[in-house]
């Protein structure tokens with residue numbers, strides 16, 4: 001019994017190691033996301049850059065990160081199909097470092113904008129490829145757990161930036177954020193290519209080495225190699241056109257699922273909250289310092305994703321998405337109503353209720369981190385077949401970053417035009433639509449191997465509501 005337990009631990013330990021090191025790329029994304037919230041008042045109000053940056057310029061600096069992710073998604077999809085997930089991730093470490101260098105030593109608004117664009121290139125590539133890498137190295141028993149590491153590390157990166165931002169100036173904050181991709185590249189260099197990539201490149205010798213490194217030297221690697229081959233055979237000839245591959249029922253259903261999840265993940269407003277949290281708390285007249293409220297919110301994100309990692313392989317993907325969307329809807333609605341009342345005649349009566357926006361936003365981001373945050377990226381890594389994984393993931397990632405760019409740019413304009421209250425009420429409406437979408441369309445992938453997921457999608461099982469013309 002002891003020997004069996006020891007073998008089981010050795011079977012999983014290096015899979016966890018590979019996943020943790022891979023998700024340092026997600027930690028880097030978190031620092032990119034989180035940088036703008038503490039930097040905004042320091043740059044606009046304190047002038048810490050040493051030159052004048054207008055509010056409009058800073059809004060562009062925030063949103064250009066999303067544009068960078070949008071631009072790089074499709075090229076990344078082509079690259080990952082050719083080079084595999086590991087080499088693609090390493091390829092995008094240098095542009096991310098260049099972006100931080102430009103932000104650290106920016107001498108005008110233009111260099112700041114270009115720096116944010118370059119960090120967006122890295123964020124877009126990491127967002128897309130890290131889940132693919134994890135999905136291909138992890139066993140089906142733990143794929144949900146290690147898949148949730150992605151969102152957890154994003155949240156830790158955001159909290160890292162929020163916490164440093166309260167004590168350091170923008171220059172120091174940017175240096176400590178810029179160090180992260182350097183460390184990531186140095187550590188991830190020693191991780192293996194995924195078995196799936198190696199088998200499909202007809203490099204079974206290295207695939208066996210990779211499997212034994214990940215699962216343990218006593219693991220029978222031929223079983224996994226055969227399973228990867230069976231998935232390839234299920235999809236048919238590998239020389240068919242990309243268009244033919246995209247017309248397969250399994251791919252159509254997977255795209256319906258992922259594009260919908262990416263759409264609602266962004267339209268529920270989470271990036272507007274993360275990018276502008278400090279100014280949101282300032283406008284809400286919270287009972288504590290806005291910077292402290294932002295750090296508390298960041299800590300709740302981390303706790304939410306930790307909870308998700310503990311239960312996702314037990315509760316399943318659909319349950320977490322449904323609960324997440326429902327609670328986010330209530331939280332956004334409460335915050336929207338509060339902010340609307342605060343802007344009217346009831347402001348004096350609400351003076352003692354400054355805890356409401358803190359509680360509402362903390363609950364909102366916590367439940368996002370339980371469901372829509374980690375589960376969406378987890379499913380990106382497991383729902384597409386290998387022959388379309390690159391371009392299909394690119395399309396999903398492009399959708400996410402394009403919406404992130406649009407919302408982060410439009411959110412400050414919406415606040416000025418219609419007010420923060422109505423804006424958050426609109427976000428609540430999208431949360432409701434997200435719940436309906438999950439209930440009707442999204443399949444359950446818990447406990448299924450990658451080939452089993454493809455069989456389920458090919459036959460229309462698992463409650464997938466997209467119709468396919470065969």
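Only the coordinates and a few stated rules stand behind these numbers; no lab work does. Predicted model, so just to flag it, every value in this text is computed and none were measured. FYI the Cβ positions are ideal-geometry reconstructions off the backbone, even for glycines, and counts take in every protein chain you see.
Can you give me the angle between helix 149-167 and the longest principal axis of the chain, using Cα atoms only, in degrees from 0 to 90, rounded to the nearest 10?
30 degrees
Nearest 0.05, what FRET efficiency do residue 82 and residue 226 give at R0 = 25 Å with Cβ-Cβ as r?
Result of the calculation: an efficiency of 0.55.
Roughly how compact is the range 69-145, stated as its Cα Rg over 2.2 N^0.38 Å to two decimals?
Relative to the 2.2 N^0.38 Å estimate, the range 69-145 comes out at 1.28.
Based on the alpha-carbon set only, what is the convex hull volume of the range 402-460 divided per residue, in Å³?
So the per-residue hull volume is 118 Å³.
How far apart, in nanometres, would the label points at residue 359 and residue 139 be if each is projected 7 angstrom from Cα along the Cα-to-Cβ direction?
4.4 nm
What's the extension gain from residue 323 to residue 45 if we count 0.36 nm per residue and subtract their Cα-Cα distance?
96.2 nm
Just report the Cα centroid separation between the range 45-70 and the range 383-434, whole Å.
20 Å
Convex hull over the Cα atoms of the range 355-451, averaged projected area in nm²?
Over all viewing directions, the range 355-451 projects a mean Cα-hull area of 7.8 nm².
How do the peptides 47-55, 310-318 rank, highest first, by the average count of neighbouring beta carbon atoms within 10 Å per residue?
Packing order, densest peptide first, comes out as 310-318, 47-55.
Once each part is reduced to its C-alpha centroid, what is the distance from the range 298-331 to the range 135-182 in angstrom?
18 Å
Report the paramagnetic label zone for residue 201: residues of the range 76-90 whose backbone N is under 14 Å from a point 7 Å from Cα along the Cα-to-Cβ axis.
Output list for this probe position: 79-90.
With a 10 Å radius around each residue's Cβ, average the other Cβ atoms per peptide and rank 173-182, 271-280, 441-450, highest first.
In decreasing order of mean packing, 173-182, 271-280, 441-450 become 271-280, 173-182, 441-450.
Quick one: if the Förster radius is 41 Å, what FRET efficiency do residue 436 and residue 16 give, using the C-beta to C-beta distance and rounding to 0.05?
That pair, residue 436 with residue 16, gives E of 0.70.
What is the Rg over Rh value, at two decimals, for the chain, using alpha-carbon atoms and the Kirkwood definition of Rh?
That ratio is 0.98, to two decimals.
Just the ratio, please: alpha-carbon radius of gyration of the range 125-218 over 2.2 N^0.38 Å, N its number of residues.
1.38
To the nearest whole percent, what portion of all C-alpha pairs in the range 288-411 is separated by more than 19 angstrom?
In whole percent, the share of Cα-Cα pairs in the range 288-411 beyond 19 Å is 61.
What is the angle, in °, between the Cα long axis of helix 204-215 and the longest principal axis of the Cα atoms in the chain? Nearest 10 is fine, range 0 to 90.
The answer is roughly 60 degrees.
With the crude spin-label approximation of a point 7 Å out along Cα→Cβ, what separation in nm comes out for residue 341 versus residue 91?
Here the answer is 5.4 nm between the modelled labels.
Placing one identical point scatterer on every Cα of the range 1-158 and ignoring solvent, what is log10 I(q)/I(0) from the Debye formula at q = 0.12, 0.14, 0.16 Å⁻¹?
So the normalised log intensities are -0.57, -0.72, -0.87.
Taking only Cα atoms, what is the 0 to 90° angle, nearest 10, from helix 249-267's long axis to the longest principal axis of the chain?
Tilt of helix 249-267: around 20 degrees.
Compare the peptides 365-372, 72-79 by average per-residue count of other Cβ atoms within 10 angstrom and give them in order, highest first.
365-372, 72-79
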